[in-house]
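For reference, the structure is listed below as structure tokens.
The values are calculated or read from the model by the stated rules, or taken from the named source; none is laboratory data. On a predicted model such as this, the values are computed, not experimentally measured, just so you know. Glycine gets a Cβ as well: all are built from the backbone with ideal geometry, and neighbour counts include every protein chain shown.
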Amino acid sequence: MNPFYFLAALVLALVVAVIVAGVRGGAAERRSMIGDRADPADRQQALLARLADLEFEYQTGKIGEEEYRELKSPLAKAVLQARAELEGSASPGGVDRAGERDSET
């Protein structure tokens, strides 16, 4: 094998590794940013956007079915939790959904 081809293949492998690491790291960073949002409405919107991104990545073949299911389940639970927080904070008169008064009012 010509040394030039070996070197070219090595450089190509390194470039691919760096790109994959960046994509994976970016996804983890986005997930951690979602959890830091204090406002339930903002958090819910960010989670829904991430869920849509995940669906797109799965549909385009960027991620496999197993990884899709592993990532979707906690995201879907987080969306439901954010929705419940949003509905709980928007209830009139400081009464939660169970009919008990909030301690803040």
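Condition check: surrounded by 15 or more Cβ atoms within 10 Å (Cβ to Cβ) and modelled with pLDDT of 85 or more. Does Ile63 satisfy that?
Yes; evaluated as a whole, the condition is true for this residue.
Can you give me the number of residues within segment 1-51 that are among the small types (Gly, Ala, Ser), closer than 30 Å to Gly88 by Cβ and at pLDDT below 75?
Residues flagged as among the small types (Gly, Ala, Ser), closer than 30 Å to Gly88 by Cβ and at pLDDT below 75 within segment 1-51 amount to 5.
Restricting the search to segment 39-58, which residues are closer than 12 Å to Ala76 by Cα and touching a residue at least 24 places away in the same chain (Cβ under 8 Å)?
Passing the criteria: Gln44, Leu47, Leu48, Arg50, Leu51.
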